[in-house]
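Structure, as structure tokens:
Please treat every number below as a calculation from the coordinates, not as lab data. Here the structure is a predicted model, which is why all the values come from computation and not from measurement.
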Amino acid sequence: MSLLASVQENAAELIAGLAVIISVFANWEARRANKRADRLDREMEKASQAARGTEMLVEIERKNAAIAKLTLILARKALLFQRHPDLVARHGQEQERLNNNLSVMQELRSGEEEQRNNAEEAGGGTDIHLYQKTLANVRRLRVRIEADFENEVSVYNELARECGESDA
């Protein structure tokens, strides 16, 4: 039997052997690629969590800044009432509302550090739904506080004009 005849008889087995070798190599490469992909997924999740944590902290700081601005205008109104006792007689309900608002602002300010620490500890968290809900709540609170600030500035300016003082 010649060499050519031997190769022809064993060609199928030779091709099958090469296919097995190529298959093993492909599986090995696929396994390495999966490991790299898994590692990248973990790194992306960590980066995503960090970004969510940062976004939450920024939003909390924006809310805290809005609270500080509102507290400042409320304090200015309180000083206006102290400097002009006649305002109390004309706007007694406004002073009562002012005192209530100052109490609420004090409560909000007293919880700032705890809220910031909780957000830092959570670091963006893994529960995306809870994160989004919390972020939306913080944003809504900030928007309400900013709207209240605008209203309080308007009322302060009105009271200041009534007393003959300059606007905020």
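Tabulated data for the structure shown
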{"quantity": "Cα-based helix-to-principal-axis angle, 92-110 vs the chain, degrees rounded to 10", "calculated": "30"}
{"quantity": "Read-out percent of Cα pairs over 27 Å apart, derived from the coordinates shown; its label in (i) 36; (ii) 57; (iii) 32", "calculated": "(ii)"}
{"quantity": "Principal-axis tilt of helix 3-83 within the chain, Cα atoms, nearest 10 degrees", "calculated": "0"}
{"quantity": "Between 0 and 90°, nearest 10: helix 112-122 axis offset from the chain longest Cα axis", "calculated": "10"}
{"quantity": "Gain upon complete extension [residue 163, residue 78; 0.36 nm per residue less C-alpha separation]", "calculated": "29.3 nm"}
